[in-house]
Structures are given as structure tokens and as C-alpha cells.
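The values are calculated or read from the model by the stated rules, or taken from the named source; none is laboratory data. Fair warning: this is a prediction, and the values are worked out from it, not measured in the lab. Backbone-built Cβ (ideal geometry, glycine too); neighbour counts: all protein chains shown. Each accessible area value is taken on the protein alone, full model and side chains, heavy atoms only, with ligands, DNA and RNA left out. Shrake-Rupley method; radii C 1.70, N 1.55, O 1.52, S 1.80 Å.
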Amino acid sequence: GGGKRLLLSRLFQPLNLQAGGEAGWDGRAGEPTCRSQKLMLQGGLIHPAGPGCYYYMPPTVRAMEKLVKVMDEEMQAVGGQKLNMPSLSSAELWRASGRWDQMGPELFRLADRHGKDYCLGPTHEEAVTELVAAQSNLSHKQLPLRLYQVTRKFRDEPKPRFGLLRSREFYMKDMYTFDASKEAARQTYDLVCDAYRSLFDRLGLPFVKVRAATGSIGGTISHEFQLPADVGEDRLAVCPGGHFAANVETLNGEQTSCPTCGEKLTRTRGIEVGHTFYLGTKYSSVSNAVFYSPENKPQLAEMGCYGLGVTRILAASIEVLSTEDSIRWPSLIAPYQVCFIPPKRGSKEEEEGAALLERVYDNLAEALPHLAGDSVLDDRTQLTIGKRLKDANKLGYPYVVIAGKRVCEEPPVFEVWNQNAGEVLFLTKEGVIELLSKVQVP
């Protein structure tokens, strides 16, 4: 068992947890930073690499992989099939759709050694439509087709800011759907929107689905999934009774009351974490993405596209759930579920307490193998328990198990902090394992 324990001192997570220390922010003096950016930099979760680009440290990658697992479950539940498309996309594709010019300087453009133009994909409508159009004998029996990927995207943001909330390189889950009729495409649209609801509910995030503009993606129907937050860049108008919600950019200036119940709309700000579009045949007509009808006639596929910001959801959830100085994760995707804190070096509990705590760690890994990789032992025993508990609190482990004063009782009793419930319990080894058996990891 001992060889497999994950020691905090071995984690590559350079902490900078001094209270309110402003050192090391990647903002020049006076630049706005937000809670999630500060907490992620302090907690050694991200490290700046250049404007709008970050190293994601190992704990962040763990959280991201868990989030992607949850997304995979939701996408596969609606018939999604996962693929991967190239980040490099040829300019010809984008010129054909008109977006090479329409996207302007937001597109990262480059030329290869033969002078051919490419862009780094901010989104993949052209690419996926080209792929489906290349299947020359697609039958109506193969529809609906729901293809998605989770991949790095690139946008040359004029002003990258707020850490992972608005960066130039980010991870996104994007799904593209192909249906045989408008009605079928609308059913797909509702189905994927429901999958997004389910995802945010599972994460315990307070989202609102709002009517949105279609922008450079195009199409005729569009909704955003927004997390209300003061630093949000979108302005929202929401009916207090829940009948109506829209991004302000879609309203005409006069509209101040709900079209359904007449109540005055309240204004709030939000962080966009998901976006859905019904595209119709905007892209399929350009690439001639057709399928053969029951009468064996070629027909253009009706399309939709659906995005979720993977890294943005991570940062936005920290933004809305955390306190000023302590990270709180959606418990499903916390990088690690449990932090074990042994007694301080030289204390009278040291010898017995450390051995008992390690035994709980090992028993937990045996009894609940799904949590085996989700536990960290804070072996910085030169520090007091209080100092390590404070750090654990700042880093947002959902559970902290401490070998404190009562560990030498018979039977030994451990102090357990359930961070998300804000309660402290005193439990025997069996009690600790029973409590943690309820923990879900994707």
C-alpha cells in the first residue's frame, strides 16, 4: 500500500497560497483579474505562458478529464459518436463558406511551405460538413448522425483576460448533427439542449438557458447556457418567473417586460459556457453534404452545432462556487476527492497517528478502488495541522481527513471536514469509509 500513496510534496502543483499575495499574477498593474483567475494561479492550477495561453497543471488536467468523461456520458446518451478533426483547416474550406473574411482577425492564419493558407480551427463546421459530404452514398437510414469531438481551439482574442474565461487557446466539446428533415433537426436540437441541462445539473451549477444571436456561426435558432456571475461578459434579461430569458443583444431596445407573463425583466450578467445552433442547410449546401431519401433522391442534410467550453466551465464553476480565498469545485470533477492530514512532526500523536491515518488511506483504497487515485496525503509534517488544513480548504478538496487529538482514543477517532456541506464530523475508520463510499467520481 505505502508505495502507492500519493504524497502532496510530490505533486507538481506550485502553490502560492499566501493570503491575498498579489505576486505572480499574469496581469500587469491595474489590469482586471477575477476570482477564478486569482484562485487558479494561487493554487498552482494554471501557469501563464503568454497572453491568453496557459500551462494546465496536473490537478487541472485531472479535473478536465473528469469533466470530459461526464460530457462523454451525456453526448453518448443522445447517440453522439466521438471523432477528432485536424486543428489545421485549409483556407479554401473557409473561403467557400464565406467565413475566411467574415471572421476577420479572430482567425489565427498561417501558410505552409508551399504557400497554401490555413487557419487554426476556432470551430469545425466547415471541416465536419466536408467530411460528411465525402461519404458519397449516405442513406437516410444512417441519419441522424451526431458527431462530436473534444479538442483545442484557437481564437486570436484582441484582449484575452480573466484567465481561462477568455483565452486564445482553449478546450471545447463541439457536436455537429445531420438530420433528414427540419422536424428531425429540431428534435435533435431539443435533445442536445436537454443533455446540456442534465450536465449542468449533475455539476450543481446554477445555469440559465437564454435566447441568443447566431453571430458568425449562422443559422436561425440559437441558445446560450449562461452561469450568472458579476464578471460575466454577457448581459442577460431574465423573467423572474422563469418564462423567458435572453441575451440583451437579441432584444429590441423597448423590450423590458416578459412576453409571456408581463413581469419586468431583471438584468444580470453571465458567463457563456454552452451554445447551441440550428443551422439548417447553411453549410451542407456549400459542401453539398447530401443523403439519399427513401425515393433515392439526393437531399441536403439539416444541420445543428453545439458547443461546450471545457476549460471555461472549469474556470466558471470556480468563479461561481468559490469564496474570495478558497476554491470550491463541483464535487463530481474535483481533481482529488480526499486530503489526508497526519499529525505534526514531533507531536505526541505523531507516531501512532501517522500509522493509523496511513492505514485508513490504504483501507479506503481497497474498499473503494474508484477513490484509490483520488486521495492525497499531505506529508508536509513540518507544518501544523492548522496550516495544512487551511491550504486544503483553499485548494477545495471536498473531504479532508485529519489525525488530530482524538486519534489516540480507543477506538481512534478522525476529524473529517466535509467542505461542500460546511460540516466537521468525528468518525472512526469505518465511519470515514462509509461516508466516502457515497462519493461519486465519473
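Here is how the numbers come out for the structure above:
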read-out	value
Complete set of residues in region 141-151 that are free of Cβ contacts under 8 Å to residues at least 12 places away in the same chain and either crowded, with 17+ Cβ neighbours inside 10 Å or assigned to a loop (DSSP other than H, G, I, E, B) (or both)	none
Residues located in region 88-101, provided they are open to solvent by 40 Å² or more (accessible area, probe 1.4 Å) and closer than 14 Å to ARG155 by Cβ	none
Any hit, region 346-364, residues being under 26 Å from the mean Cα position of the chain (by Cα) and buried (at least 17 other Cβ atoms within 10 Å of the Cβ)	no
Within region 302-338, considering residues that are within 13 Å of the chain's Cα centre (by Cα) and assigned to a strand (DSSP E or B), the one nearest to LEU39 (Cα to Cα)	GLY309
Complete set of residues in region 53-88 that are more than 17 Å from the chain's Cα centre (by Cα) and either in a helix (DSSP H, G or I) or modelled with pLDDT under 95 (or both)	GLN76, ALA77
Count of residues meeting criterion [open to solvent by less than 40 Å² (accessible area, probe 1.4 Å) and modelled with pLDDT under 95] in region 204-220	6
PHE426 vs. criteria surrounded by fewer than 17 Cβ atoms within 10 Å (Cβ to Cβ) and on the phi < 0 side of the Ramachandran plot	yes
Residue match in region 386-393 (condition: in contact with a Ser or Thr (Cβ under 7 Å, 6 or more places away or on another chain), in contact (Cβ under 8 Å) with a residue 12 or more places away in the chain, open to solvent by 10 Å² or more (accessible area, probe 1.4 Å) and closer than 21 Å to VAL424 by Cβ)	yes
Neighbours by Cβ (under 8 Å, 6+ apart or cross-chain): first from region 112-136, aromatic (Phe, Trp, Tyr); second in a helix (DSSP H, G or I)	TYR118/ALA91
Selection status of THR123, part of a loop (DSSP other than H, G, I, E, B), modelled with pLDDT of 95 or more and touching a Gly at 6+ places or on another chain (Cβ under 9 Å)	yes
Region 152-198, subset open to solvent by 50 Å² or more (accessible area, probe 1.4 Å) and part of a helix (DSSP H, G or I), residue farthest from GLY219 (Cα to Cα)	ARG197
Every residue from region 403-423 that is assigned to a loop (DSSP other than H, G, I, E, B) and either crowded, with 16+ Cβ neighbours inside 10 Å or not acidic (Asp, Glu) (or both)	ALA403, GLY404, PRO411, PRO412, VAL413, GLN419, ASN420, ALA421, GLY422
Failed item in (1) more than 18 Å from MET303 (Cα to Cα); (2) crowded, with 17+ Cβ neighbours inside 10 Å, with LYS116 passing the rest	(2)
Neighbours by Cβ (under 6 Å, 6+ apart or cross-chain): first from region 290-303, assigned by the TED database to the domain that holds MET175 and over 24 Å from THR220 (Cβ atoms); second surrounded by fewer than 23 Cβ atoms within 10 Å (Cβ to Cβ) and among the hydroxyl-bearing types (Ser, Thr, Tyr)	TYR292/SER139
Flag for PRO160 being in the same structural domain as ALA127 (by the TED database), in contact with a Lys or Arg (Cβ under 6 Å, 6 or more places away or on another chain) and touching a residue at least 40 places away in the same chain (Cβ under 8 Å)	yes
One residue from ALA213, ALA237 being free of Cβ contacts under 8 Å to residues at least 40 places away in the same chain and in contact with a Leu (Cβ under 7 Å, 6 or more places away or on another chain)	ALA237
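Okay, residues lined up against (1) touching an Asp or Glu at 6+ places or on another chain (Cβ under 8 Å); (2) outside any helix (DSSP H, G or I); (3) among the aromatic types (Phe, Trp, Tyr):
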residue	(1), (2), (3)
VAL360	no, no, no
LEU371	no, no, no
VAL376	no, yes, no
ASP379	no, yes, no
GLY386	no, no, no
LEU389	no, no, no
ASN393	no, no, no
VAL401	yes, yes, no
